[in-house]
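The values are calculated or read from the model by the stated rules, or taken from the named source; none is laboratory data. All values derive from a computational prediction rather than experimental measurement. Counting neighbours? That spans all protein chains shown, and the Cβs are built from the backbone with ideal geometry, glycine included. Side chains are part of the model used for accessible areas, which takes the heavy atoms of the whole protein and leaves out ligands, DNA and RNA. Shrake-Rupley method; radii C 1.70, N 1.55, O 1.52, S 1.80 Å.
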Amino acid sequence: MSIFEIIKDQVRDVKKIVFVTGAGISHESGIPTFRGKKGLWRNYDAMKLATIGAFYENPRLIWEWHNERRRNIFAAQPNQGHKAIAKLEEYVDVVVLTQNIDGLHQKAGSTEVLELHGNITKIKCSVCEFRDEVLSEFSEVPPLCDCGNILRPDAVWFGESLQRDIWQKAIFAASECDLMIIVGTSLVVSPANMLPIYAKQNDAILIEINPEKTEMSFEMDFTIRNTSAFVLPKFISIFKRE
Ligand code: APR
């Protein structure tokens, strides 16, 4: 019996599925992960590139690095993993809670996506309330707000809180689902790594799709050790109603 057949038996009556996704799901779209052998944080110092302190110290450096990521992300297309999750909406209620800022779930067609860490297109003023979305390249960095202060990427950096309403909706979705599928995240970053706990409190089934073992693999009901673009298209066929 294959793992898919075993899972199929268990998830027959599932009504609400929540996906928790991380950098790994976009890896096969050409976007690097943060941790692991070729992860960004192996070659770059997160504390010098993804904290508010680092931003105030050298906003130009942070913007130059951010611009490079923007170019990479804008050139990327959703892969079979993102597409499979979007397709699943045809069969069952799906909410995607993503730590990614690349927008690829929405590009693939998912309609219920909560971006826990923001989006690469978004900017905000480091002082006033100004927020905007920018798709074109910044010719000068750091860009300035009309109020005269520096604009910053509207992404959640280390040490910062998640946007409150988004986090509350994420907790709600996790606490209500009967199946949580955790894809391509090392689950080392808080508070996103608490979402499986909320799901478990609702007796949800937890499934991890990741080629590597994670900090929370031992909490899972099933683990599938392969890449998401390979696994997810096969996986969603389980839910196809004949
Ligand atoms: N398919 C599925 N999983 C994969 C694939 C793949 N093709 N390739 C890699 N992975 C897995 C890795 O094994 C790893 O467990 O994806 C995970 C990526 O982990 P991280 O790089 O830590 O990414 P993530 O968990 O999203 O990081 C959380 O950290 O720096 C911050 O803000 C950043 O949102 C990010 C947060």
Got a number for residues in the stretch 22-38 being within 20 Å of G118 (Cα to Cα) and within 9 Å of the ligand (Cβ to nearest atom)?
10
Considering every residue within the stretch 96-107, establish whether at least one is within 18 Å of the chain's Cα centre (by Cα), away from the ligand (no atom under 16 Å from the Cβ) and not β-branched (V, I, T).
yes
1 or more residues assigned by TED's automatic domain parsing to the domain that holds P211 and of a type outside the set (G, A, S): qualifying helices (runs of 4 or more DSSP H) within the stretch 1-50
3-10
Mind checking which residues of the stretch 183-204 are within 16 Å of the ligand (Cβ to nearest atom) and assigned to a loop (DSSP other than H, G, I, E, B)?
G184, T185, S186, L187, V188, V189, S190, P191
Residue check, F74 closer than 30 Å to I150 by Cβ, assigned to a loop (DSSP other than H, G, I, E, B), open to solvent by 30 Å² or more (accessible area, probe 1.4 Å) and of a type outside the set (S, T, Y)
no
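If you check N58, N72, N67, which single one turns out to be away from the ligand (no atom under 16 Å from the Cβ), in contact (Cβ under 8 Å) with a residue 24 or more places away in the chain and of a type in the set (S, T, N, Q)?
N67
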Among the residues of the stretch 103-116, is there at least one that is open to solvent by 20 Å² or more (accessible area, probe 1.4 Å), closer than 18 Å to F55 by Cα and either in a loop (DSSP other than H, G, I, E, B) or not hydrophobic (A, V, I, L, M, F, W, C) (or both)?
no
Subset of the stretch 122-141 (residues that are more than 16 Å from the ligand (Cβ to nearest atom) and at pLDDT 95 or above):
I123, K124, C125, S126, V127, C128, E129, F130, R131, D132, E133
In contact with a Leu (Cβ under 7 Å, 6 or more places away or on another chain), modelled with pLDDT under 95 and of a type in the set (F, W, Y): which single residue out of W41, W65 fits that description?
W65
Residue that is modelled with the lowest pLDDT [pool: residues in the stretch 227-242 that are of a type outside the set (V, I, T) and surrounded by fewer than 20 Cβ atoms within 10 Å (Cβ to Cβ)]:
E242
If I go through the stretch 145-182 residue by residue, how many of them are crowded, with 16+ Cβ neighbours inside 10 Å, part of a loop (DSSP other than H, G, I, E, B) and more than 15 Å from the ligand (Cβ to nearest atom)?
3
